[in-house]
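The values are calculated or read from the model by the stated rules, or taken from the named source; none is laboratory data. It should be emphasised that the depicted structure is a prediction, and the values quoted were computed from it without experimental measurement. In this analysis, Cβ positions are derived from the backbone assuming ideal geometry, glycine residues included, and neighbour counts consider all displayed protein chains.
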Ligand code: OOG
Ligand code: MG
């Protein structure tokens, strides 16, 4: 995939996304102005954003695969997965109150997260390679927050916006992968005591490790690898659920415990 944007446009669009992320306001999707923008352009903008955040002292803690389940692709009207980076500033503890005042229109997702103990390098990375390199898995709630008006976007724009990454909460009961049959792990998402979504981890590319392998292969295309000790989210199992101040969300996972967060 080729880039079409020049350096100046990449910087300008990166600054636009950074402003919307840090000051929590909605912007039109980037393809409105650049209709021929490609996925490679989206990743070039995301890479610029990552460099800026790191320069500002944010620490890269891992990556996320997104749009890896049919439920998510259908909800967002896209047909391909994507990846984004995760920093320490996005991390929140279990049982905490997550502020919505610095978010545009947050939604929650339940995901399986991997913590790696060996580096992973593409191209050609497979789900087996990922399982081999995994230290343990744990459940996660991701809080996504598209910076695009109405939470509507195309792949090029969402990739530039770092896959809507905003906050994430890892927790529950960490487990070794060889003790689990990951695809059949069930997940139930509750909001204010009512079940709002449910699914099994197989919804994520038949096996969540396949989503992590896909992520490593996209990283390889960008000339990057996944270092040992990375925290990687494999993508929402179900559709994402909108949250508002006062909401209490619990993600319950078979074998992996549960994670609870409140929104303030
Ligand atoms: C893009 C991010 C998707 C997931 O888990 O599928 C994502 C979006 O839906 O805004 O994080
Ligand atoms: Mg997600």
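Does any residue in segment 225-240 that is more than 15 Å from residue 197 (Cα to Cα) come within less than 9 Å, Cβ to Cβ, of a residue that is assigned to a loop (DSSP other than H, G, I, E, B) and within 14 Å of ligand 1 (Cβ to nearest atom) six or more places away or on a different chain, and which pairs are these?
234/68; 234/205
For residue 2, all conditions in the list (1) modelled with pLDDT of 95 or more; (2) in contact with a helix residue (DSSP H, G or I) (Cβ under 8 Å, 6 or more places away or on another chain) hold save one; what is the number of the exception?
(1)
Quick one: how many residues across segment 122-146 are assigned to a helix (DSSP H, G or I) and either within 16 Å of ligand 1 (Cβ to nearest atom) or in contact with a strand residue (DSSP E or B) (Cβ under 7 Å, 6 or more places away or on another chain) (or both)?
3
Quick check on segment 55-63. Is at least one of its residues within 20 Å of residue 233 (Cβ to Cβ), crowded, with 17+ Cβ neighbours inside 10 Å and within 12 Å of ligand 1 (Cβ to nearest atom)? Lay out the reasoning, then the answer.
Just the residues of segment 55-63 that are within 20 Å of residue 233 (Cβ to Cβ), to begin with: 58-63.
Add one more test, that the residue is crowded, with 17+ Cβ neighbours inside 10 Å, and what stays is 61-63.
Next, only the ones that are within 12 Å of ligand 1 (Cβ to nearest atom) stay: 63.
Looking for residues that are within 20 Å of residue 233 (Cβ to Cβ), crowded, with 17+ Cβ neighbours inside 10 Å and within 12 Å of ligand 1 (Cβ to nearest atom), one finds at least one in segment 55-63, hence yes.
Determine, yes or no, whether residue 187 is out of contact with any strand residue (DSSP E or B) (no Cβ under 8 Å at 6 or more places or on another chain) and surrounded by 23 or more Cβ atoms within 10 Å (Cβ to Cβ). Step through it out loud before you land on a result.
Numbers: out of contact with any strand residue (DSSP E or B) (no Cβ under 8 Å at 6 or more places or on another chain): no; surrounded by 23 or more Cβ atoms within 10 Å (Cβ to Cβ): yes.
Here the answer is no, as residue 187 does not meet what is asked.
Taking segment 105-137, which residues are crowded, with 22+ Cβ neighbours inside 10 Å and within 16 Å of ligand 2 (Cβ to nearest atom)?
106, 108, 109, 110, 111, 112, 113, 114, 137 - these are the residues of segment 105-137 that are crowded, with 22+ Cβ neighbours inside 10 Å and within 16 Å of ligand 2 (Cβ to nearest atom).
Check every one of the strands (runs of 3 or more DSSP E) wholly within segment 155-252 and list those with 2 or more residues that are under 19 Å from residue 84 (Cβ atoms) and within 14 Å of the chain's Cα centre (by Cα). Walk me through how you get there before you give the answer.
Details: elements: 165-170, 186-191, 194-200, 231-233.
Correct list: 165-170, 231-233.
Taking residue 31 as the residue in question, decide whether it is touching a residue at least 24 places away in the same chain (Cβ under 8 Å) and closer than 24 Å to residue 216 by Cα. Steps first, please.
Numbers: touching a residue at least 24 places away in the same chain (Cβ under 8 Å): yes; closer than 24 Å to residue 216 by Cα: no.
Spelling it out, it is not the case that residue 31 is touching a residue at least 24 places away in the same chain (Cβ under 8 Å) and closer than 24 Å to residue 216 by Cα.
So which pairs qualify, if the first residue must be in segment 151-175 and closer than 16 Å to residue 108 by Cα, the second must be near ligand 1 (Cβ under 9 Å from one of its atoms) and part of a helix (DSSP H, G or I), the Cβ gap must be under 7 Å, and the two must be at least 6 apart or on different chains?
Correct list of pairs: 164/158.
Kindly check whether there is at least one residue in segment 66-87 that is farther than 25 Å from residue 4 by Cα, away from ligand 1 (no atom under 11 Å from the Cβ) and surrounded by 14 or more Cβ atoms within 10 Å (Cβ to Cβ).
Yes, because at least one residue in segment 66-87 is farther than 25 Å from residue 4 by Cα, away from ligand 1 (no atom under 11 Å from the Cβ) and surrounded by 14 or more Cβ atoms within 10 Å (Cβ to Cβ).
If you scan segment 64-104, which residues turn out to be within 11 Å of ligand 2 (Cβ to nearest atom) and in contact with a helix residue (DSSP H, G or I) (Cβ under 7 Å, 6 or more places away or on another chain)?
Residues satisfying the conditions are 64, 65, 66, 67, 68, 69, 81, 82, 83, 84.
Are any residues in segment 220-260 away from ligand 1 (no atom under 16 Å from the Cβ) and crowded, with 16+ Cβ neighbours inside 10 Å, and if so, which ones?
Answer for segment 220-260, where residues must be away from ligand 1 (no atom under 16 Å from the Cβ) and crowded, with 16+ Cβ neighbours inside 10 Å: 220, 224, 226, 230, 247, 250, 252, 255, 256, 257, 258, 260.
Can you list residue pairs whose Cβ atoms sit under 7 Å apart, with the first residue in segment 59-73 being closer than 20 Å to residue 196 by Cα and in contact (Cβ under 8 Å) with a residue 60 or more places away in the chain and the second being away from ligand 1 (no atom under 11 Å from the Cβ) and part of a strand (DSSP E or B)? Count only pairs 6 or more apart in sequence or on different chains.
71/199
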